[in-house]
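Everything below concerns the one structure shown next.
The values are calculated or read from the model by the stated rules, or taken from the named source; none is laboratory data. Just so it is clear, the structure is predicted and the values come from calculations on it, not from any experiment. Every residue, glycine as well, gets a Cβ built from its backbone with ideal geometry; the counts of neighbours run over all protein chains shown. Keep in mind that these areas ignore ligands, DNA and RNA; they rest on the heavy atoms of the full protein, side chains included. Shrake-Rupley method; radii C 1.70, N 1.55, O 1.52, S 1.80 Å.
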Amino acid sequence: MGFQTEFNSVCKFKSKQELYELLEYGRGKMVKSGFRVFPTGQKVIAYTPENEAIAIVKILVSIAEINFAGEEVTEVEMELVRKLTEEEARIQTALAHEMFFGEQA
């Protein structure tokens, strides 16, 4: 058991449904496996499951717990600040591939 720290400007969605709810309703929740620390109160860049930058979100709540199945999970609640423009998304995606997700081909 231990906490994994997320980089303070990245919020990567694994579920398209969770991302859809955030973009559709302006608020959403993401569930990650393991105990993690997210920067509550900060604005971060949200990435799609395909590692593409899509929006700026504000982290509202980060709760690490053991769920009913006995798994360590972290639930992160956030609100949409705004979607990125096409140019912003392209630049942020390229930077993230170089810095976090692996070099672009």
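Within region 83-94, residues that are touching a residue at least 60 places away in the same chain (Cβ under 8 Å) sit with their Cβ atoms under 8 Å from residues that are of a type in the set (Gly, Ala, Ser) and surrounded by 16 or more Cβ atoms within 10 Å (Cβ to Cβ), at 6+ positions apart or across chains, in these pairs: Lys83/Ala55. Scanning region 86-105 for residues that are open to solvent by less than 70 Å² (accessible area, probe 1.4 Å) and either assigned to a helix (DSSP H, G or I) or among the polar types (S, T, N, Q) (or both) turns up Glu88, Ala89, Gln92, Thr93, Ala94, Ala96, His97, Phe101. Just to be sure, is Ile56 part of a strand (DSSP E or B), farther than 18 Å from Lys14 by Cβ and open to solvent by less than 70 Å² (accessible area, probe 1.4 Å)? Spelling it out, Ile56 is indeed part of a strand (DSSP E or B), farther than 18 Å from Lys14 by Cβ and open to solvent by less than 70 Å² (accessible area, probe 1.4 Å).
Per-residue answers, yes or no, for (1) more than 11 Å from the chain's Cα centre (by Cα); (2) hydrophobic (A, V, I, L, M, F, W, C):
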site	(1), (2)
Ser15	no, no
Leu23	yes, yes
Lys32	no, no
Phe35	yes, yes
Gly41	yes, no
Ala46	no, yes
Asn51	no, no
Gly70	yes, no
Arg82	yes, no
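Go through the residues of region 64-81 one by one and say whether even a single one is part of a loop (DSSP other than H, G, I, E, B), within 25 Å of Gly102 (Cβ to Cβ), touching a strand residue (DSSP E or B) at 6+ places or on another chain (Cβ under 9 Å) and at pLDDT 90 or above. No: zero hits. Among the residues of region 25-51, those identified as open to solvent by 50 Å² or more (accessible area, probe 1.4 Å) and at pLDDT 95 or above are Tyr25, Arg27.
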